[in-house]
Structures are given as structure tokens and as C-alpha cells.
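The values are calculated or read from the model by the stated rules, or taken from the named source; none is laboratory data. Since the structure is predicted, the reported quantities are computational estimates derived from the model, not experimental observations. Positions of Cβ are backbone-derived with ideal geometry, glycine not excepted, and every protein chain shown enters the neighbour counts. With ligands, DNA and RNA removed, areas are computed over all heavy atoms of the protein, side chains included. Shrake-Rupley method; radii C 1.70, N 1.55, O 1.52, S 1.80 Å.
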Amino acid sequence: FMKIASSKPQPVTKVVAFANATMDLPAAEQEGEKITEIFPDSKLFKREEASKDNLIKFGSDAQVLHLATHGMWDSSDALNSHLMLAKGQRLSQQEIFEMDLGETTLVTLSACNTAMSQRHDVDFVASLAEAFWIAGSRAVVATLWSVDDESTGRLMSRFYQGLKDGKSKSAALREAQLEVKNEARFEHPYFWGGVLLFGDWR
């Protein structure tokens, strides 16, 4: 929090995105393509390119790191929680801790259950979102439940367009949620209410 208080917000200019690593999330792949079109200097790793090696190599240098993949939350032991990457690879909490995200403005976890936590044991970080926060990212966007692939893809595309237009992270997310909510088939909060912003809201 001291880092946020002592620094100015950074405008988003480029994104490093990882999408559809498990090849069963077509809307997530389209989401990654749309986001990297919004910010032309961005990099997109999709399908088999969305590997742990590429994430570790390119993720730490990202101004914005976008991960559109499956998140697995272990309710019995949060240390077993992980993100799924290409070829069955997993990014564990410990590996997230070891990433250097000190120059990262935002990590977006467009994946299921990434903000889920286990609060009865305070000896470890309880969610994947908190792990990226501790690794140094100024802000993290994460999800509370198993989100819908299509509605989340729409929400994320609109969120990043808001950032491109110069809106704050909090305003861009709120407006994206309202836009999705206003579509009749996505009116239920399940489709838009589970996406949260942690950290620097500016």
C-alpha cells in the first residue's frame, strides 16, 4: 500500500496476455485477441504458446499481465491452488511469489476462483490474487467463482477499452460490468458480479 500511496498511477499502454492454454476456452482466446488489438504493442500467447516458460520469461516484464485460463482453488489447502497453463503445466502459488512484478501496474486473472480464499489459517496467502499482489503488482483483478467464458470475455474486452480511453481501473471495471449487465441474457449477477479489483484503483 505504501507503493501505491507514494507513486502516481501509470497509464496502460501494452499488455502481455496468456489465453486458452488448455484449449477449451474459445471465448478466452478471442478475449486475448481483442485486448491485444486494443493495445498494439502487446504480446499474446495462446494455446500451446501459453506455457509456464513463456509466462516466467515474459510475465515479469509486463506492464499489464492478463491471464485468461483456468484457475484451480483447493479448499483444503490453498497452497495447492494454481493456474493451468499449456500442456498440463501448472503455475503454483510458490512460483507466483518468485515472480518479480515490481514494475507491473495490473495483473488480471480472467480465470475461475482466483479470489477465493481460506481464512482460518493466516500462515499463508489464501488466494491466487493475493499471491500476485505479494509478488509486486500494484493492482489485481480476480474472480470469486467459476465465471462464464463468454460474458467474462465481453466484460474484459470492455474493461480494457475503458483503460485505453484513460479511465481509472475502478471506473473501467464498473462500466464494463454495467454494460454486460444491460445485456438481457447476462443480467443475472453470476455473469458480471464476481469480478473484483484489489489494490490501486486509479
Please determine, by comparing only the residues of the range 32-70 that are within 15 Å of T108 (Cα to Cα) and among the polar types (S, T, N, Q), which one is surrounded by the most Cβ atoms within 10 Å (Cβ to Cβ).
-> T69
Note on the range 185-202: residues open to solvent by 90 Å² or more (accessible area, probe 1.4 Å) and part of a helix (DSSP H, G or I) are R185
Do the conditions hold for G166, that is, is it more than 14 Å from the chain's Cα centre (by Cα), of a type outside the set (A, V, I, L, M) and outside any helix (DSSP H, G or I)?
-> yes
Checking A172 against (1) more than 16 Å from L106 (Cβ to Cβ); (2) crowded, with 21+ Cβ neighbours inside 10 Å, the condition it does not meet | (1)
Does V180 count as crowded, with 21+ Cβ neighbours inside 10 Å and more than 15 Å from the chain's Cα centre (by Cα)?
-> yes
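Okay, residues lined up against (1) under 16 Å from the mean Cα position of the chain (by Cα); (2) under 24 Å from G199 (Cβ atoms):
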residue	(1), (2)
R47	no, no
D61	yes, yes
L65	yes, yes
M72	yes, yes
N80	no, no
Q94	no, yes
If you check D165 against the conditions, is it at pLDDT below 95 and either open to solvent by 30 Å² or more (accessible area, probe 1.4 Å) or in contact with a His (Cβ under 7 Å, 6 or more places away or on another chain) (or both)?
-> no
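Residues in the range 106-130 that are at pLDDT 80 or above and either of a type in the set (D, E) or over 12 Å from the mean Cα position of the chain (by Cα) (or both): how many?
Residues flagged as at pLDDT 80 or above and either of a type in the set (D, E) or over 12 Å from the mean Cα position of the chain (by Cα) (or both) within the range 106-130 amount to 1.
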Restricting the first residue to the range 182-202 and requiring it to be within 19 Å of L106 (Cβ to Cβ) and charged (D, E, K, R), which pairs with a second residue that is part of a loop (DSSP other than H, G, I, E, B) and open to solvent by 60 Å² or more (accessible area, probe 1.4 Å) meet a Cβ separation below 7 Å and a spacing of at least six or different chains?
-> D200/P9; R202/P9
Could you check how many residues of the range 1-60 are in a helix (DSSP H, G or I), free of Cβ contacts under 8 Å to residues at least 60 places away in the same chain and either more than 23 Å from I96 (Cα to Cα) or of a type outside the set (D, E, K, R) (or both)?
-> 11
Among the candidates S137, S146, S127, residue that is open to solvent by 10 Å² or more (accessible area, probe 1.4 Å) and either touching a Gly at 6+ places or on another chain (Cβ under 7 Å) or in contact (Cβ under 8 Å) with a residue 12 or more places away in the chain (or both) | S146
Would you please name the residue that is least open to solvent (accessible area, probe 1.4 Å), looking only at residues in the range 85-101 that are in a strand (DSSP E or B) and within 23 Å of R138 (Cα to Cα)?
-> L91
